[in-house]
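Written out below as structure tokens is the structure these notes cover.
The values are calculated or read from the model by the stated rules, or taken from the named source; none is laboratory data. Computed from a prediction, not measured in an experiment: that's the story for all the values here. Here Cβ is always computed from backbone atoms with ideal geometry, including for glycine, and neighbour counts include all displayed protein chains.
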Amino acid sequence: MPDGTSEGYSSARFFKAGGEVTPALVDSDVDINALIQPAIREEFAKHGITVRETEGEPADLVIAYLLLSQSPSSTGAISTYFGYGRSSEITDKAHQMGVLDRDNLGLYRRGAIMIDLLDAKTNELVFRHIAVRDGARNISEEVRAENIRSAVREALAEFSVE
């Protein structure tokens, strides 16, 4: 996976494929993107990178993220901000590693966010990292928001230049 850094970049924008698609068995009672995007903006702001508010504004980086939800029987993906064609191979690999190759299929739920950063001029993938968290149902909004902020911080930790 590419391990680029924030050096040389001063702005970013989110990639959006369009249309909200939620796979079966993924909890969809919360607008998860409304929690993720502010957390990403916060992390970028710490390093002097402005995330553009408007989709069409020019930016140095394009931010794409894939959300994965996994249980002992399935792996689902939300790829609205990642790109529909790009996620299938990743989802298949995650399902192989997290479901099919497990010795013990006891009850579990987990989620992951994979963040890709692409150079907007070259369309080259300059950074990709993932953060995985155990899942829980019926958690408070505060706990959910902190779990998301923590996962975003982890996924972007290697990108920052200090």
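Considering only residues that are surrounded by 14 or more Cβ atoms within 10 Å (Cβ to Cβ), outside any loop (DSSP other than H, G, I, E, B) and at pLDDT below 90, which ones fall in segment 13-37?
Arg13, Phe14, Asn33, Leu35
Any chance you could count how many residues in segment 138-150 are farther than 15 Å from Asp31 by Cα and touching a residue at least 40 places away in the same chain (Cβ under 8 Å)?
0
Which residues, counting only those in segment 38-61, are free of Cβ contacts under 8 Å to residues at least 24 places away in the same chain and not in a loop (DSSP other than H, G, I, E, B)?
Those that are free of Cβ contacts under 8 Å to residues at least 24 places away in the same chain and not in a loop (DSSP other than H, G, I, E, B): Pro38, Arg41, Ala45.
Determine, yes or no, whether Glu42 is modelled with pLDDT of 80 or more, more than 19 Å from Asp119 (Cβ to Cβ) and surrounded by fewer than 18 Cβ atoms within 10 Å (Cβ to Cβ).
Here the answer is yes, as Glu42 does meet what is asked.
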